[in-house]
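S.K.: Handing you this structure, nothing more for now.
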Amino acid sequence: MKGNLRQPLVMASLWLLLVTAVIVGALNKGPVFDTSVMALLPESQQDPRVERAIERVAADFSERIVIILSASDRELARNAVFSAAKSLDSLRDSAELIWRDDSQESIVDQLYPYRFINLPDQVAERLASGNFQHQQQLALQRIFSPLSGVRVDPINDPFTLQAEQVMAFRSGFHISPEQGLLRLTEAQLPSYLITLKLNSDPFSLPVQQKILSVLTPLEQELESQGIQVSRSGLLWHAVAGAEQAEAEISLIGLGSLAGIVLLILSVFRSISPLWIVLLPVTVGCVMALSVTLLLFGRIHLITIAFGAGLVGVSVDYAMHYICERRIRPGPGLVRHLFMGLLLGLLSSVIAYAGLALAPFPGLRQMAVFSVVGLIAAWLTVLLWLPVIRGNHTPEPLAAATVLQRWRNRYPALEGRPYLIMALLLLCLSSALIVWWAEPRDSIRLLQTSPEQLLAKDQEVQQLLGSNTSAQFLLVTGDSLDSAIQTEERLRQGLDKLVQEGELPAYSSLSQTLPSQQRQVENAALTRELYKQQMAGFAGVVRFSEQQEQAALSAMNTGSSIRLSAEAWQEQPLSQLWRQFIIDDSTGNAATVIRLQGSVTPLGNQHLQRLANSNSDVFFVDRIENINSVLGTYREQITGWLLIAYSLVALILLWRYRTDFWRILLPPLIASLVTFACVVLLNGGYNLFNLIALMLVLGIGLDMGIFLYESSDSDHTWLAVTLSASTSLLAFGLLTLSKTPVLYHFGIVILPGLLLVWLMAPLMRTKTTGDINEHSTWKL
């Protein structure tokens, strides 16, 4: 007897040591949680330059927190900026604070030396068309009008080219220095800009807590003083995602546990089976969390929310153990259950492992979390429960008899042609619906941000005049200057799209920094302007000969200088445009032209043609790129789903011979009917619906396998029913999730598993005899 007990104790001890080591290793590493929705997205397969540009553009938004303070009174708004800056200064170790213009010279002064070579587009076009007279008339109006509001310098800038520069600059940027602060020029109320540039990941929970511990009370205090606070930044989206995930983890996990507790107490009328069931579930969840942290370094909160459904699946093994123990005590119980538990584990593991087929880091985490959790729960049942439970006197459960009576009144499929025809018609109609279904490959399936946050982002973008879309043009070149030259050629086509209403607006580096070639052309236009109009202008303003010569000398000197990219980047005003430079290294320079607003479908086609006509230009539509990748992997998952069913059919055929269909048909029919209903409900299907079908297959096969391996025991049917109930509860709660990925899993798995359970009795072969006999399956 001692020899019989020694080996189980040794195996149980080894499993305990392994579980303890893994948990301690995870605790030493420390839990790191991720709330970034981007972690769920496919890995990029773009050109490296495009990939780098996407990362840079995304980082510009993710790293910045934009705060705009507005008030009806100018001094009140300015004082609020000083007060806010003082509070935000406490975050200097976490973020760089930008709230004032520290440059000694204004933008006007910075632009002034280059007024002859940095001509706005409309001025260059005017002069290139020979309309020099119009430029002279504009200059005279500004000089003689006391309300012109521009710097007037008749000697050094008689044709007010510097005024044209300033107006063009301000039309592109709605920010202007005002007595050291950054004022928004287009806002209705006096409004000032404060920016925080984060030094850390905004999805880090400690970073979120630290930043919000300052920002939240500051915002409340300012609003109490009558200050209107507009803010934008990825940080708030990350916080909202974390809060949502935490709430759903509680809902799904605690809901599943509550369901298990109620089921166990109502069926077993005892508290002791509850601890036996919860032990494997607890070990499975803790091991899943620990191994995921050790492998990935961090764990996504959506992974935990999805993994909370693991509670409803991992409980299966313990349910079968304690139910079968009621009628089959003794040391041979594990051997009796082993094959059914093993095949059930393999089917579920294969299904969950299918999540890893899609190249989504988040889904791969879900796969690892679920597979590890299932294996850990399975090993706990086999290694610990026999040692903990010891011997037990048989005591059949009344619930098993009640369920068996109900099942035996259930019609069997075999020998009922009308029932067979009804199922065939149902499957055929479902197959036709699925065949004609339209896929819905949209990144919006991953959108988790509340509408309120999106509205605040939109408000800030409008105040800043930067309603940037998810599309942009990437321009590459051997040098920054060559990239700017390419931009200047592209802008002719872009301006045409803006005029035709296909593109609302765009922003580019070349609008503020002309190429060397364009500077030469502008200098020539300026000299021609002076040649054509200087004499007439001097006569109107009554220049002396010396004054006229001084004006010509200033022009000759100013038009001969050149503004290099290096010199431009040393100027304070270039800070506002650095985001447009992806790379300025020699031989590998790249810039972006940012598109604003909603581009029309025809505009998208034109933009694509513009990019295709130049090998150095790439049209990047981040949303469409991700949608395309989603579609590609949807097709791959479809193929894998068909392969999985084929492999499962072969395995079942090898194990169960001609009875394999009794196990395979319930999940197959349930998947087909459920999928058709989802298509009708949502008007299409997506990648996550298909992945959910993998889970219906794996979990649904468990029911048939357990029933067959146990010779259709009434207590096995009870265990199957209890397990199905917990699974339905766990995945049913996913349908309440506001996280689209989890929702699209839930709406497939919930009805799918319910249909599997309802159809399982249809597949049995009825025999004569007592309804409690355990031999109603044809073996």
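The values are calculated or read from the model by the stated rules, or taken from the named source; none is laboratory data. Everything numeric in this text was worked out from a predicted model, so none of it was measured. Note: ideal-geometry Cβ built from the backbone for every residue, glycine included; neighbour counts use all protein chains shown. Just so you know, the surface numbers come from the protein's heavy atoms only, side chains and all, with ligands and any DNA or RNA stripped out. Shrake-Rupley method; radii C 1.70, N 1.55, O 1.52, S 1.80 Å.
S.K.: Identify all residues within segment 588-603 that are open to solvent by 50 Å² or more (accessible area, probe 1.4 Å) and modelled with pLDDT of 85 or more; write none if there are none.
M.R.: PRO601, LEU602
S.K.: Show me the helices (runs of 4 or more DSSP H) found entirely inside segment 514-620 where at least 3 residues are in contact (Cβ under 8 Å) with a residue 60 or more places away in the chain and within 29 Å of the chain's Cα centre (by Cα).
M.R.: 601-612
S.K.: From (1) exposed (fewer than 14 other Cβ atoms within 10 Å of the Cβ); (2) out of contact with any strand residue (DSSP E or B) (no Cβ under 8 Å at 6 or more places or on another chain); (3) not in a loop (DSSP other than H, G, I, E, B), pick out the condition that doesn't hold for PRO667.
M.R.: The single condition PRO667 does not satisfy is (1).
Per-residue answers, yes or no, for (1) surrounded by 18 or more Cβ atoms within 10 Å (Cβ to Cβ); (2) more than 25 Å from ILE582 (Cα to Cα); (3) touching a helix residue (DSSP H, G or I) at 6+ places or on another chain (Cβ under 6 Å):
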position	(1), (2), (3)
VAL498	no, no, no
LEU503	yes, no, yes
LEU513	yes, no, yes
GLN516	no, no, yes
VAL520	no, yes, no
THR526	yes, yes, yes
TYR530	yes, yes, yes
SER544	no, yes, no
ALA551	yes, yes, no
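S.K.: For segment 252-270, what are the residues that are farther than 16 Å from LEU722 by Cβ and β-branched (Val, Ile, Thr)?
M.R.: If the condition is that a residue be farther than 16 Å from LEU722 by Cβ and β-branched (Val, Ile, Thr), then ILE252 is the only one that fits.
S.K.: Another one. From the list LEU681, LEU647, LEU695, pick out the single residue that is surrounded by 18 or more Cβ atoms within 10 Å (Cβ to Cβ) and either over 30 Å from SER510 (Cβ atoms) or modelled with pLDDT of 90 or more (or both).
M.R.: None of the others qualify; the one that does is LEU695.
S.K.: Separate question: Can you tell me which residue in segment 613-644 is most open to solvent (accessible area, probe 1.4 Å), limited to those that are modelled with pLDDT under 80 and of a type in the set (Ser, Thr, Tyr)?
M.R.: THR632
S.K.: Can you name the residue in segment 565-587 that is of a type in the set (S, T, N, Q) and touching a helix residue (DSSP H, G or I) at 6+ places or on another chain (Cβ under 8 Å) and is also most open to solvent (accessible area, probe 1.4 Å) among such residues?
M.R.: Filtering segment 565-587 for residues that are of a type in the set (S, T, N, Q) and touching a helix residue (DSSP H, G or I) at 6+ places or on another chain (Cβ under 8 Å), the one most open to solvent (accessible area, probe 1.4 Å) comes out as GLN579.
S.K.: May I pose another question? Determine if segment 496-511 includes at least one residue that is part of a strand (DSSP E or B), among the hydrophobic types (A, V, I, L, M, F, W, C) and either out of contact with any His (no Cβ under 8 Å at 6 or more places or on another chain) or at pLDDT 90 or above (or both).
M.R.: Among the residues of segment 496-511, at least one is part of a strand (DSSP E or B), among the hydrophobic types (A, V, I, L, M, F, W, C) and either out of contact with any His (no Cβ under 8 Å at 6 or more places or on another chain) or at pLDDT 90 or above (or both), which makes the answer yes.
S.K.: While we're looking at this one, here's another question. Do we find a residue being exposed (fewer than 14 other Cβ atoms within 10 Å of the Cβ), on the phi < 0 side of the Ramachandran plot and either outside any helix (DSSP H, G or I) or at pLDDT 90 or above (or both) anywhere in segment 458-470?
M.R.: Among the residues of segment 458-470, not one is exposed (fewer than 14 other Cβ atoms within 10 Å of the Cβ), on the phi < 0 side of the Ramachandran plot and either outside any helix (DSSP H, G or I) or at pLDDT 90 or above (or both), which makes the answer no.
S.K.: Could you grab me the full set of residues in segment 553-564 that are open to solvent by 40 Å² or more (accessible area, probe 1.4 Å) and not small (Gly, Ala, Ser)?
M.R.: Result: ASN556, THR557, ILE561, ARG562.
S.K.: Is there a residue in segment 81-91 that is in contact with a His (Cβ under 9 Å, 6 or more places away or on another chain), surrounded by 20 or more Cβ atoms within 10 Å (Cβ to Cβ), farther than 30 Å from GLN532 by Cα and modelled with pLDDT of 80 or more?
M.R.: no
S.K.: Would you be able to tell me the number of residues in segment 711-736 that are surrounded by fewer than 24 Cβ atoms within 10 Å (Cβ to Cβ), polar (S, T, N, Q), in contact with a helix residue (DSSP H, G or I) (Cβ under 7 Å, 6 or more places away or on another chain) and in contact (Cβ under 8 Å) with a residue 24 or more places away in the chain?
M.R.: Residues flagged as surrounded by fewer than 24 Cβ atoms within 10 Å (Cβ to Cβ), polar (S, T, N, Q), in contact with a helix residue (DSSP H, G or I) (Cβ under 7 Å, 6 or more places away or on another chain) and in contact (Cβ under 8 Å) with a residue 24 or more places away in the chain within segment 711-736 amount to 2.
S.K.: Further question: Quick one: would you say GLY312 is assigned to a helix (DSSP H, G or I), modelled with pLDDT under 75, at negative phi and not aliphatic (A, V, I, L, M)?
M.R.: Yes; evaluated as a whole, the condition is true for this residue.
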